[in-house]
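What follows is calculated from the coordinates using simple rules that are stated; it is not laboratory data. Computed from a predicted model, the values in this text were never measured in an experiment. Note that we place each Cβ from the backbone using ideal geometry, even for glycine, and neighbour counts take in every protein chain shown.
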Amino acid sequence: MDIVQVQEGTFFKRKGSQSLFASNVDVSSAKIIISAGSSGTEGASGEEDIALITLKARAAKGVATLQVLAASSLLADGRPLSAPLPEPFRVIITE
């Protein structure tokens, strides 16, 4: 799969805070590095998108695995937040 686009999601755009978002795509290794947060002191909670990633299949059929390799989360006071990584997501490409 090819990485077409990486966009900021809505998670940190709530509550009137200024959101911070940057992404870096390494095409050769098919990896994306994302930094996201907000300038507010209240923090954020809930379920919304941090990033929207658009992918393009290279072949008409096949299987691809999408996986979060690492994540570093901080609480509003700057202390680290320990959270498990999601399971790999398998994408089956059909005609």
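Under a 5 Å amide H cut-off, with hydrogens placed 1.01 Å from N, ASP49 pairs with THR10, PHE11 among residues at least 5 apart or on other chains. Once log10 I(q)/I(0) by the Debye sum over Cα atoms at q = 0.14, 0.20, 0.25 Å⁻¹ is calculated for the structure shown, the corresponding label among [x] -0.63, -1.10, -1.45; [y] -0.58, -0.87, -1.25; [z] -0.57, -1.01, -1.28 turns out to be [x].
Here r is the Cβ-Cβ distance between THR10 and ILE93 and R0 is 25 Å; the resulting FRET efficiency, rounded to 0.05, is 0.35. Dipole magnitude for the range 2-93: computed about the Cα centre from +1 point charges on Lys and Arg Cβ and -1 point charges on Asp and Glu Cβ, it is near 280 debye. Modelled spin-label separation between SER73 and SER17, with each label point placed 7 Å from Cα along the Cα-to-Cβ direction: 1.3 nm.
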